[in-house]
1. I need every pair where a residue in region 197-210 that is part of a helix (DSSP H, G or I) has its Cβ under 9 Å from the Cβ of a residue that is of a type in the set (S, T, N, Q) and open to solvent by 50 Å² or more (accessible area, probe 1.4 Å), sequence separation at least 6 or different chains.
2. Tell me the residue from 188, 243, 238, 223 that is within 20 Å of residue 127 (Cβ to Cβ), of a type outside the set (D, E, K, R), in a helix (DSSP H, G or I) and at pLDDT 95 or above, please.
3. From 103, 60, 45, 49, which residue is open to solvent by 10 Å² or more (accessible area, probe 1.4 Å), over 19 Å from residue 136 (Cα atoms) and more than 17 Å from the chain's Cα centre (by Cα)?
4. Just give me the residues in region 258-273 being open to solvent by less than 100 Å² (accessible area, probe 1.4 Å) and more than 29 Å from the chain's Cα centre (by Cα), in sequence order.
5. Report yes if some residue within region 71-79 is at pLDDT 95 or above, more than 23 Å from residue 164 (Cβ to Cβ) and either in a loop (DSSP other than H, G, I, E, B) or not basic (Lys, Arg) (or both); otherwise report no.
6. Looking at 14, 38, which is the one that is charged (D, E, K, R), part of a helix (DSSP H, G or I) and open to solvent by 30 Å² or more (accessible area, probe 1.4 Å)?
7. Quickly run through region 157-186 and pick out the residues that are among the aliphatic types (A, V, I, L, M) and more than 17 Å from the chain's Cα centre (by Cα).
8. Of the residues that make up region 161-172, is at least one buried (at least 16 other Cβ atoms within 10 Å of the Cβ), within 21 Å of residue 85 (Cβ to Cβ) and in contact (Cβ under 8 Å) with a residue 24 or more places away in the chain?
Amino acid sequence: MAHEHEGEHEFILEIPEFEHLSYEVEEGIALVTLRRPEALNALSQDLLQELAEVAEVIHQDPEARVAIFTGEGKAFAAGADLKEIAALKDPFMAREYALLGQQVFAEIAALPLPTIAAINGYALGGGLELALACDLRVAAKGAKLGLPEVGLGLIPGFGGTQRLPRLIGRGRALDLIFTGRHVPAEEALALGLVNRVAEDALEEAKRLARQILKNAPIALALAKESVVRGEGLDLAEALEIEADLFGYASATEDMKEGVRAFLEKRAPNFKGE
């Protein structure tokens, strides 16, 4: 249970009882593990709802400074739940279903801290779209990634047609979407779809998280905000945002501590202030 003291008041973080995922925080790293291994962690509506809830928990948790998303068993997440898709009766229900997934992943993408997907097996369809909503992706050797929806007569509906081209470019994205093929981890790295490939995706994601944790929390949040807000704007507008956030960062105690530590040739002690 996370908590912090604010004067005489103690903030208690209420963590829901999750059925399809687990949440734990250790040394600043919040770990979310999808736990439907019997279904290869397929994204049922119940699991999507729990992902929305855990995103809110991460947002409020003062102990969480980097978040890692991973899956139990042989898959990160092998897509949406096909039984639920088959039960969609008309285009209006299907649209609402897509909007649900988009909203959940938008909440994850909007988290004001670095997020990492540790891809330990299949990341297909909605599973890859969940990974795309994270800032960084680490894949295990042997992992397979793809958007196979056109082979089912569908299109990616949880953000894949928008986030994938923004990440790897239109031509490469359309290659994956049109063919629906499963891309091995090494090709995903070459495409820019993942950032790192390792024997153990989760351990590598934790190593990456620990590297990130050495840096100032407010600066990390502001750097992410600058990149995200600048996307889609012309360069002049985006540079204005960067300058504003640079100015904000310069007023923090962490900036003073960082400069002082550099001059004193010691490791900084950042406090997120």
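1. 208/195
2. None of the other options fit; the residue is 188.
3. 45
4. Hits for region 258-273 are 259, 261, 266.
5. yes
6. So the residue among 14, 38 that is charged (D, E, K, R), part of a helix (DSSP H, G or I) and open to solvent by 30 Å² or more (accessible area, probe 1.4 Å) is 38.
7. 173, 174, 176, 177, 183, 185
8. yes
The values are calculated or read from the model by the stated rules, or taken from the named source; none is laboratory data. Predicted, not measured: the structure shown is a model, and the values here were computed from it. Here Cβ is always computed from backbone atoms with ideal geometry, including for glycine, and neighbour counts include all displayed protein chains. For the accessible areas, the whole protein counts, side chains as well, though only heavy atoms, and no ligand, DNA or RNA atoms are used. Shrake-Rupley method; radii C 1.70, N 1.55, O 1.52, S 1.80 Å.
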